[in-house]
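Have a look at the structure below before the remarks.
Just so you know, all these numbers are worked out from the coordinates, no wet-lab data involved. Quick caveat, the model's predicted, so the values are computed rather than measured. Cβ coordinates were reconstructed from backbone atoms using ideal geometry, including for glycine residues, and neighbour counts include every protein chain displayed.
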Amino acid sequence: MPSVLIVYGSYAGSTAEIATKMKITLDNLNCKTVLMPASATQTDLTKYDLIVIGSAIHGDRPHENVVKFIEVNRSALSKKKVAVFAVCSTITSTNAKRKVHALTYPDKIANGLNLIDKAVFGGIVGQAGWFGNFMGKMILGVTPGDYRNWDEIRTWATALVKIVN
């Protein structure tokens, strides 16, 4: 029974909800799963078989708490199995270049860590008023809505356990 730590950085709650669903999925697979918001404090990672790090992406960058968590715990993380997921709206973009660019976000989060797997999930694109919605559609190729694919998220979390076992 693997022991898993899920660390996340969320701006509006979508990443936190995805991390929570992953925890439920892993718990149902008999994993010992701990869910923790990212912080800059050093954490004892020795008791975990797998560390899953999730970050919302804003302005082409990972959540600042996730960046700090990785930097503070880099030495311990380099000795662990680590998987990373990004949550961003541009993965749902109708603009092909932006969608492809979104696939680079897990590597930005990992910042040199050796990953066993990585994923990018859609999040929630909120209403931003007429101008914001127009610009979001024109520039980013996204429109307001909930783009989280719960089946895809559960499938990815399940696959991680198979990799660790």
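Quick notes on this structure:
- Within the straight-line cut-off of under 13 Å between alpha carbons, the aspartates and glutamates reachable from K79 are D44, D49, sequence neighbours fewer than 8 places apart in one chain being disregarded.
- Nearest-0.05 FRET efficiency for T46 and T158, computed from C-beta distance (R0 22 Å): 0.30
- Additional length obtainable on full extension of the chain from T143 to K21, 0.36 nm per residue less Cα span: 41.5 nm
- Estimated FRET transfer efficiency (V34, A12; beta-carbon r; R0 22 Å; 0.05): 0.45
- Treating r as the C-beta distance of K97 and I124 and R0 as 22 Å, the FRET efficiency rounds to 0.45.
- Paramagnetic reach from R74 in region 99-119 [backbone N under 19 Å; point 7 Å along Cα→Cβ]: 106-116
- For the chain, the antiparallel share of DSSP beta bridges with both residues in that region comes to about 15%.
- Convex hull volume of the C-alpha atoms in the chain, normalised per residue: 99 Å³.
- Modelled spin labels at M1 and H58, positioned 7 Å past Cα toward Cβ, are 3.7 nm from each other.
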